[in-house]
Amino acid sequence: MKKFNKVLALTLALVLVVASFAACGGKAEKEEVTKLGLSESPLAAPEITKDYEIKEDFKIGFICLHDDKSTYDLNFINAINSVQDALGLTDEQVIIKTNIPEGSECYEAAKDLANQGCNIIFANSFGHESYMIQAAKEFPEIEFCHATGTKAHTEGLDNFHNAFASIYQGRYLAGIVAGLKLNEMIADGTITADKAKMGYVGAYTYAEVISGYTSFYLGAKSVCPSVTMEVQFTGEWYNVTEEKNAAEALISRGCVLISQHADSMGAPGACKAANVPNVSYNGDTYDACPNTFLVSSAINWAPYFNYIIACENNGEEIATDWCGGIDEGSVVLSGINQDIVAEGTMAAIEEAITGFKTGTLRVFDTETFTVKKKPLDTYMANVDDTDADNSPDTEAIHKDGYFNESAERSAPYFDVKIDGIKLLNEKF
């Protein structure tokens with residue numbers, strides 16, 4: 001008992017010493033920092049409501065390029081699941097095929113879904129298109145819908161349709177978050193204004209990717225005028241190693257913030273390791289990268305799935321080209337990481353969202369960028385996409401002074417190389 005009292009006395013003395021040290025301005029132990037985490041989304045997915053009857057024998061099939069390990073495909077799968085739950089569809093009515101390459105395997109998958117009795121078949125990758133068209137010609141009684149494609153408006157098939165979203169709006173909003181973070185880094189002396197350089201990991205040099213990285217850059221530039229950007233392409237939609245290597249290469253070149261149009265955790269992982277702020281795509285990476293994740297934009301495919309299911313069950317035609325935006329709930333943002341975004345970020349996003357909704361803000365306003373140091377007064381875009389040499393065919397500059405993206409077809413056709421963005425490799 002005497003020994004216990006002695007230990008207790010020593011312990012109490014140590015506590016008093018620690019308390020005295022803290023009172024004199026010292027720190028006995030590291031203070032706990034309260035994490036705020038993710039905010040509520042400033043642009044969340046709307047609730048899907050069932051306001052039509054679904055036939056008992058209705059079935060819909062989905063063809064995905066990869067599986068849920070890909071952020072791109074996971075985004076589709078999450079939308080499928082949300083619509084299935086909202087509409088009360090059974091597992092027998094919803095068939096999902098994953099890891100279907102952009103080859104004849106897509107045609108075989110589509111044919112199998114047709115033979116299983118699907119009324120609608122949807123495929124989610126650009127390279128699936130020609131095989132979906134092949135199946136649509138073989139099964140004229142079935143509706144074939146395709147994400148990111150370009151040929152529905154010229155193919156002339158009543159049962160083949162393209163769909164996309166105005167994701168350039170979401171990327172612009174994410175760019176505002178990035179630009180404000182750069183301003184904060186400039187203000188606190190982490191970088192100087194001339195070092196406000198972002199990096200971007202892109203898959204291919206397709207218009208879809210160019211439209212995406214340009215809108216992200218323009219969003220950042222709208223709040224941080226000195227920003228520049230470098231783009232490194234991987235030549236694949238999903239390759240963890242190549243995306244990681246591209247991000248690391250950009251960081252080594254002095255890029256102080258990274259974003260991407262690629263589908264793996266490669267780039268976010270590289271940013272986490274290097275403690276570099278990151279804007280992800282198609283889903284937040286906060287849980288994996290809480291100290292570097294800023295925000296994510298994504299296409300919400302649920303409104304389109306609900307739309308085509310309603311059309312089929314109501315006996316209505318599906319639009320040849322469908323492009324949803326903020327108003328349709330097709331463009332969404334994750335919450336922002338309140339622990340690392342700059343002060344005033346949420347207010348800036350909300351102001352821009354209002355601008356999009358009222359039509360006072362345009363992503364590709366020609367007053368906000370130049371091409372070879374000159375304003376862009378006219379631009380012939382390749383919208384038709386049926387000719388072998390991809391020759392331009394449509395004037396894309398609206399009379400009100402903006403590039404009229406996705407007005408002539410759902411898939412993006414902005415492929416302009418503007419000043420301020422340097423492409424490091426263009427072989428893809």
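The values are calculated or read from the model by the stated rules, or taken from the named source; none is laboratory data. What you are looking at is a predicted structure, and each value in this text was computed from that prediction instead of being measured. Virtual Cβ from ideal backbone geometry, glycine too; neighbours counted across all protein chains shown.
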**Asked** Hey, Tyr204 hits all of (1) in a loop (DSSP other than H, G, I, E, B); (2) crowded, with 20+ Cβ neighbours inside 10 Å but one; which does it fall short on?
**Response** (2)
**Prompt:** Within the set of pairs 6+ apart or on separate chains, which have a first residue in the stretch 224-236 that is charged (D, E, K, R), a second that is part of a strand (DSSP E or B), and C-beta atoms under 8 Å apart?
**Reply:** Glu230/Lys197; Glu230/Met198; Glu230/Gly199; Glu230/Tyr200; Glu230/Ile421; Glu230/Lys422; Glu230/Leu423
**Request:** State which residue is surrounded by the fewest Cβ atoms within 10 Å (Cβ to Cβ) when the search covers only the stretch 270-284 and only residues that are touching a strand residue (DSSP E or B) at 6+ places or on another chain (Cβ under 7 Å), modelled with pLDDT of 95 or more and in a loop (DSSP other than H, G, I, E, B).
**Result:** Val276
**Request:** Kindly indicate the residue of the stretch 39-71 that is over 26 Å from Ile142 (Cβ atoms), of a type in the set (A, V, I, L, M) and crowded, with 18+ Cβ neighbours inside 10 Å and also modelled with the lowest pLDDT among those meeting that condition.
**Result:** Ala45
**Message:** Against the condition among the aliphatic types (A, V, I, L, M), surrounded by 16 or more Cβ atoms within 10 Å (Cβ to Cβ), at pLDDT 95 or above and within 25 Å of Leu65 (Cβ to Cβ), how does Ile142 come out, does it pass?
**Reply:** yes
**Request:** Filter the stretch 223-265 down to residues that are part of a loop (DSSP other than H, G, I, E, B) and among the acidic types (Asp, Glu) and give me whichever is farthest from Ser296 (Cα to Cα).
**Result:** Glu236
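On the given criteria, is Ala147 assigned by TED's automatic domain parsing to the domain that holds Gly219 and either under 30 Å from Thr345 (Cα atoms) or small (Gly, Ala, Ser) (or both)?
It is false that Ala147 is assigned by TED's automatic domain parsing to the domain that holds Gly219 and either under 30 Å from Thr345 (Cα atoms) or small (Gly, Ala, Ser) (or both).
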**Fill in**
Of the conditions (1) assigned to a loop (DSSP other than H, G, I, E, B); (2) buried (at least 24 other Cβ atoms within 10 Å of the Cβ), the single one that Ala220 does not satisfy is (1)
**Item:** Failed item, numbered, when Tyr172 is tested on (1) aromatic (Phe, Trp, Tyr); (2) outside any helix (DSSP H, G or I); (3) closer than 30 Å to Met198 by Cβ
**Value:** (2)
